[in-house]
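Values in this text are rule-based calculations from the coordinates and carry no lab data. If you're wondering where the values come from, they're calculated on a predicted model, not measured in any experiment. Cβ: placed from backbone, ideal geometry, glycine included. Neighbour counts: every protein chain shown.
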Amino acid sequence: MKLFILKVAWVLACLPCPISGLAPAEAGSRTAPRPVVFFTDESQPDRASRQFSCYAGPVNAFVLFPERISGRHVLEGRWLKPDGAIQERILIARDLAPPGEQAFRLWLRFHAERPGVADLLFPDMDNEEFDGEWNLNVFWDGDLISASTFTVRCG
């Protein structure tokens with residue numbers, strides 16, 4: 001997994017930035033950087049996708065910035081179900097020492113780590129709320145910097 005992230009980060013660092021108007025973020029800058037976001041799951045951790053099964057394990061979103069960022073920052077991921085309700089909210093508040101960091105991971109779990117007896121006996125119960133198009137909104141220091149969609153199928 002780490003090798004895959006390093007490969008993607010290296011490719012991104014070697015290519016011109018695909019997002020127009022992107023300026024490097026300096027420590028203490030209020031300019032929100034524009035990342036590249038890609039999704040994986042545990043069934044194929046080295047392959048980016050936008051379609052997942054709710055039985056495949058957590059969905060991971062890798063947030064890759066075009067360069068390293070240092071200073072005190074807050075990264076927030078809001079995972080929105082197809083009905084628009086927030087399913088998961090991940091908040092990462094860190095003081096990033098130089099040379100800083102470039103990649104962050106956000107995650108979404110559909111079920112508890114240890115399913116209950118009802119989940120084992122009736123695995124399709126209550127999974128309809130997960131079917132459909134999901135949204136991940138990523139915030140950096142309170143500013144929306146990315147809105148991505150992906151599809152989940154439970155049937």
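Some observations on this one:
- E128-T149 pseudo-label distance in nm [points 7 Å out on the Cα-to-Cβ vector]: 2.2 nm
- Amide proton proximity set for F52, modelled H, under 5 Å, gap of 5+: T151, V152, R153
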